[in-house]
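Working notes, beginning with the structure itself.
The values are calculated or read from the model by the stated rules, or taken from the named source; none is laboratory data. Quick caveat: nothing in here was measured; it's all calculated off a predicted structure. Methodologically, a virtual Cβ is constructed for each residue, glycine included, from the backbone with ideal geometry; neighbour enumeration extends over all protein chains shown. Just so you know, the surface numbers come from the protein's heavy atoms only, side chains and all, with ligands and any DNA or RNA stripped out. Shrake-Rupley method; radii C 1.70, N 1.55, O 1.52, S 1.80 Å.
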2 protein chains.
Amino acid sequence: MSEQVKNVSSSEDRSNGRAPSSFPAVLTIAGSDCSGGAGIQADLKTFTALGCYGTSVITALTAQNTTGVQGVHGVPPEFLEKQVDSVVVDTPIKAIKTGMLFDAANVKSTVQALKRNYPKSSMPRIVIDPVSVSTSGHSLLDPTAIDIMTTELFPLAAIITPNIPEAQEFLSRTSNPYNIDSIHDMVKAAREISPGAAAVLIKGGHITATISDVDDLLHQHPDAQHNLDSIRGRNTEILKVGQEKLKQIVMDVLYQPANGLMNLFVRPYIESRSTHGTGCTLSAAIACFLARGEDVVSAVERATWYTHHGIASAFPVGKGNGPLNHMHLLTRLPTPRPTTHSPYPTTKYLIDSNPKLWNEYVEHRFTRMLGAGTLPTENFLRFMIADYHYLKYYARAYSLLAAKSHSFPAIQSALNPVTNILLEISTHRSLCAKFGVSAEEMERSSESAATLAYGCYLVDVGMRGDASLLLIALLACLLGYGEVGLYLKKEAEDPSSPVHLEGNPYREWIEDYSGEHYQGAVRSGLETIEKMAQLVPPSEGRLKEWREVWERCTWLERNFWDSAMDPKLEDRLR
Amino acid sequence: MSEQVKNVSSSEDRSNGRAPSSFPAVLTIAGSDCSGGAGIQADLKTFTALGCYGTSVITALTAQNTTGVQGVHGVPPEFLEKQVDSVVVDTPIKAIKTGMLFDAANVKSTVQALKRNYPKSSMPRIVIDPVSVSTSGHSLLDPTAIDIMTTELFPLAAIITPNIPEAQEFLSRTSNPYNIDSIHDMVKAAREISPGAAAVLIKGGHITATISDVDDLLHQHPDAQHNLDSIRGRNTEILKVGQEKLKQIVMDVLYQPANGLMNLFVRPYIESRSTHGTGCTLSAAIACFLARGEDVVSAVERATWYTHHGIASAFPVGKGNGPLNHMHLLTRLPTPRPTTHSPYPTTKYLIDSNPKLWNEYVEHRFTRMLGAGTLPTENFLRFMIADYHYLKYYARAYSLLAAKSHSFPAIQSALNPVTNILLEISTHRSLCAKFGVSAEEMERSSESAATLAYGCYLVDVGMRGDASLLLIALLACLLGYGEVGLYLKKEAEDPSSPVHLEGNPYREWIEDYSGEHYQGAVRSGLETIEKMAQLVPPSEGRLKEWREVWERCTWLERNFWDSAMDPKLEDRLR
């Protein structure tokens, strides 16, 4: 199996099995926490929240909840290795994190499995959360296990992330141990606990300090990079009014032996019981950002804030120390993304939001009589004259769209329809002339209330909303006529339907709207909506605005035909 | 432990440990798939994607990947029960799903743990995916295990979700078995395979059919509910142009013995290898929707579409049958949600997007000299006159906001600032009069280019964008002056700063902008931005528009002060 593995182990590998870089695959090797707040469960939630494809090798099962651990069931080392082999032989892993490894045998197995599967040059970036001492100071790993971890696992790591008790434990193994009681001690210890590791992050959650403590520290370490200005909030006094003054902070220290760089990540201390699984979550988040190709400093910075906001937005779970909220930055799209199977999901959503009204519009008595050729000339002309007036508003609304556009291509594509309308209006005139109505008569005729309502509504949408809202209003009309055209064409192909083209006085109208030229415009309208929804995905609230405009336009279209059928309906505009 | 459990088991329970209904807790009892596509990993990903708090009890570990199963390690039944106890004693579970239960002992343990922890009246809604026969027909559970599952576990379930081979297996245990080879057989079998279960969902992924097959079926079962009209796509011909005609469909059948209702869930068949874990995902998604209080029909409908779109949008993972995409409807907020620790995250994001520019504006030479009382009267007056002209645009832009508003309260709150400006303009006039400039002189004075640029920019943003974009532009000015006021006030309190109030000719100006009245307006501006961002969370693209407008306003503000300091700067607007 290991021979096979070598073929897919490189992070640059482009084999068939590769997940696209937009969802990099990440592996956790850790314990299972059935209650969902820590262990591989916290890791998988973090991977999913941060857009990575999560895989997980289990080292031990725990029966635990927010009040404590009720039982542990270790996984045999051979089975741990078997899981690692299964995962990495099949999927190119971009980053790995390790958490609780349970015992010396499983630490050894982890090292063996990693070394066997990856040559040194193509090892994925590894984050080691050296779970070995509990928050309360209780030892979770025996000394042999810690020995193997520090001597064999740490050298494989891109970063190790001990908390204070763990850093203390590693420090106790050096020639000059001391107590880590302050942020000054943390900075000192970061340089000393593991000279072999590529980067050491000491997590300072156990030590609170003040901003002036950090100032003192920076006085002694002027080269340390830090985020203190942002935490202090320079020039953001308005955001602090009514807020409690920032009294306590916590700080993580990152040290990179190779370049001697020290980074301090300061953030406000949150008084919270929702801290179960924060260490797991932080290291999982670091792995995600490393998998995305970020450098260690940026990955740690983003991961600490992800974890911080998770604590700040935690909801209560369990009776003890509950977990942080892994889902705090997730929202769900109200419509699915386009796929080859369903290329127009947003338009489909708009149409499906009121299928009855859409059907009343498409299969209107007017369109059915027009299709059957039984529509009286009088009604057709009433419609054509109304449409003549409507096209003025339509051209103006597209011009307004051009005025609201932000780039030359957007101005151009808003003005193209205006140019087309100005050209087509002569076709419109000549069609009406065939039915005995002159251009002068059309111009002199009075606008119906239905025309006025629809036309002014377009201009109002253009005035009050942004370009995308106006586009929805304009496209409802474009797409609607396209659907009517295809509906009549389909009916005309059905011998049992009264709709027909041969000898139909309105054949030209039907062929225009079902024809390739108009349907090309329909397809570009469909693509415009979907591109708009892809570029700036509408939230639930924004999609509701789109739906309201779409539905209102459909209703105005139906009224437009009502009004052409029966002048008495003119006043029944609701 | 079971006595304790009774106190938290009811779904109506309001104890301390309760997760809020916005994140209902869901439990999966199933196997672990280290490769991440199926088992508890698929379940946890689904729970997270659908906004539920996930917990997981592991029945067996597998070493597997997309090409097959390389090893299995069963979890001892006592430890399975221990995990269930740990989870449910601490967290009120809203819904449970079971997946692969591994063997007879673990099926029995599952039944025991559920019965022990929940009295019949307060059992959470349970979804049973009766994983017992593999897709290839290979048996995964021995006959005894299947016996216990059907006789003891099924009666606890809200719904069971067999695939065709499993339905076949259960049918073979009835008095009149037959082969399930068609959608007709599926409908028949749904009524017969488990008369004791509250609902049976036979998953039809193994059988493809056509729409006319479903038409035939509906002819025989006219009472069945179905979604065929939507699948057929009535009045959506425009969406089908250029698409392949829908040839094959798959169908799931839901039967509820208690009311005899039959539902058919039809969807397009997708030719795909990314089907690993679809059964796990479907049952996990049903559990999520049940946990949210939906009825069985609605939960199944939404879950089938979640799974369908997951297959349709799958990305390649592994060399065999890869998993579906669990993250297809997730997006990430570009800024965190407000918490008590950080109530104005969106405003903070806007300010932090260009802290240098913001600082140049707030701590401008103009404001510092004004604070120190050393600003020549001439420059102050130049500013005041420019501000006088600017306020006309500002009042017009707020009026435009009113014109773009959609409700009476919104119109009111847009017009309030206009009323205030019209009142305050007299204070403005009297302050200038003190410095020897009359109202007539102010009115006669010419507008500077800096004023024109800023004023017209506000009107342009109002013309091209929606109400929220205009609000961002208007609030940048409101909040900026608030920050300048607080900056000067803070400096004045620092004895080492040249800024002071006593004897400062501009004291009134400083006290106005740092005073309670103006700061009250600032706070309401802050809340407006955050409410706007909460109500319709801006996507990355929309937030980028906000940030551009905010930054442009900050830049225009800085130029405004540049121009007051030095008339030669007038032309240096960039």
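Table for the structure above
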read-out	value
Matching residues, segment A:107-150, being exposed (fewer than 15 other Cβ atoms within 10 Å of the Cβ), closer than 18 Å to A:G205 by Cβ and small (G, A, S)	A:S134, A:S136, A:G137
Among the candidates A:L350, A:L370, A:L330, residue that is among the hydrophobic types (A, V, I, L, M, F, W, C) and within 23 Å of A:C280 (Cα to Cα)	A:L330
Residue in segment B:58-69 that is touching a His at 6+ places or on another chain (Cβ under 6 Å), crowded, with 24+ Cβ neighbours inside 10 Å and within 20 Å of A:A60 (Cα to Cα) present	yes
Yes/no for B:I40 being modelled with pLDDT of 95 or more, buried (at least 22 other Cβ atoms within 10 Å of the Cβ), at the interface with chain A (Cβ under 7 Å from one of its Cβ atoms) and under 29 Å from A:I93 (Cβ atoms)	no
Given (1) at pLDDT 90 or above; (2) surrounded by fewer than 17 Cβ atoms within 10 Å (Cβ to Cβ); (3) assigned to a loop (DSSP other than H, G, I, E, B), index of the condition B:V437 fails	(2)
Residues satisfying the stated conditions in segment A:158-170, i.e. free of Cβ contacts under 8 Å to residues at least 60 places away in the same chain and either open to solvent by less than 10 Å² (accessible area, probe 1.4 Å) or among the polar types (S, T, N, Q) (or both)	A:I160, A:P162, A:E166, A:A167, A:Q168, A:F170
Matching residues, segment B:285-295, being within 14 Å of another protein chain (Cβ to nearest Cβ) and open to solvent by 10 Å² or more (accessible area, probe 1.4 Å)	B:F289, B:A291, B:R292
Selection count where residues are of a type in the set (A, V, I, L, M, F, W, C) and within 22 Å of B:P77 (Cα to Cα), scope segment A:39-90	11
Residues satisfying the stated conditions in segment B:43-69, i.e. of a type in the set (A, V, I, L, M), within 7 Å of chain A (Cβ to nearest Cβ) and assigned to a strand (DSSP E or B)	B:V57, B:I58, B:L61, B:A63
Of residues in segment B:451-468 being open to solvent by less than 10 Å² (accessible area, probe 1.4 Å) and among the hydrophobic types (A, V, I, L, M, F, W, C), the one farthest from B:F366 (Cα to Cα)	B:V461
Selection count where residues are touching a residue at least 40 places away in the same chain (Cβ under 8 Å), more than 10 Å from every other protein chain (Cβ to nearest Cβ) and part of a loop (DSSP other than H, G, I, E, B), scope segment A:500-546	5
Selection from segment B:450-483 of residues that are in a helix (DSSP H, G or I), at the interface with chain A (Cβ under 9 Å from one of its Cβ atoms) and either modelled with pLDDT under 95 or closer than 25 Å to A:A467 by Cα (or both)	B:M463, B:R464, B:A467, B:S468, B:L469
Complete set of residues in segment A:98-118 that are under 35 Å from the mean Cα position of the chain (by Cα) and not hydrophobic (A, V, I, L, M, F, W, C)	A:T98, A:G99, A:T110, A:N117, A:Y118
Answer from B:L391, B:L282 - the residue that is open to solvent by 30 Å² or more (accessible area, probe 1.4 Å), more than 7 Å from chain A (Cβ to nearest Cβ) and more than 24 Å from A:Q534 (Cβ to Cβ)	B:L391
Meets criteria (outside any loop (DSSP other than H, G, I, E, B), surrounded by 13 or more Cβ atoms within 10 Å (Cβ to Cβ) and either at pLDDT 95 or above or more than 14 Å from chain A (Cβ to nearest Cβ) (or both)) for B:R173	no
Unique residue being in the same structural domain as B:T67 (by the TED database) and at negative phi when the list is B:E294, B:E360	B:E294
Sole residue being closer than 29 Å to A:L401 by Cα, open to solvent by less than 70 Å² (accessible area, probe 1.4 Å), among the acidic types (D, E) and in the same structural domain as A:A410 (by the TED database), chosen from A:E530, A:E491	A:E530
Qualifying residue in segment A:342-364 (condition: hydrophobic (A, V, I, L, M, F, W, C) and either away from chain B (no Cβ under 14 Å) or surrounded by fewer than 19 Cβ atoms within 10 Å (Cβ to Cβ) (or both))	yes
Looking only at segment A:70-90, and only at residues there that are within 7 Å of another protein chain (Cβ to nearest Cβ) and assigned to a strand (DSSP E or B), the one that is most open to solvent (accessible area, probe 1.4 Å)	A:Q70
Helices (runs of 4 or more DSSP H) wholly inside segment B:258-358 containing at least 1 residues that are closer than 30 Å to A:E271 by Cβ and touching a residue at least 12 places away in the same chain (Cβ under 8 Å)	B:345-352
Filter result for A:L375 (assigned to a loop (DSSP other than H, G, I, E, B) and either more than 11 Å from every other protein chain (Cβ to nearest Cβ) or modelled with pLDDT of 95 or more (or both))	yes
Criterion (within 20 Å of B:E557 (Cβ to Cβ) and without any contact (Cβ under 8 Å) to a residue 12 or more places away in the chain) met by exactly one of B:N379, B:N416, B:N420	B:N420
Residue within segment B:127-134 that is more than 14 Å from every other protein chain (Cβ to nearest Cβ) and in a helix (DSSP H, G or I) present	no
Complete set of residues in segment B:313-340 that are facing chain A (nearest Cβ under 7 Å) and over 21 Å from the mean Cα position of the chain (by Cα)	B:F315, B:P316, B:V317, B:G318, B:K319
Top-ranked residue of segment A:394-412 - restricted to ones that are small (G, A, S) and without any contact (Cβ under 8 Å) to a residue 24 or more places away in the chain, ranked as surrounded by the fewest Cβ atoms within 10 Å (Cβ to Cβ)	A:S407
Of residues in segment B:230-240 being more than 8 Å from chain A (Cβ to nearest Cβ) and over 30 Å from the mean Cα position of the chain (by Cα), the one least open to solvent (accessible area, probe 1.4 Å)	B:K240
Unique residue being assigned to a loop (DSSP other than H, G, I, E, B) and modelled with pLDDT of 95 or more when the list is A:L114, A:L101	A:L101
Conditions (1) open to solvent by less than 30 Å² (accessible area, probe 1.4 Å); (2) within 30 Å of B:H326 (Cα to Cα); (3) more than 9 Å from every other protein chain (Cβ to nearest Cβ); number of the one not met by A:S298	(1)
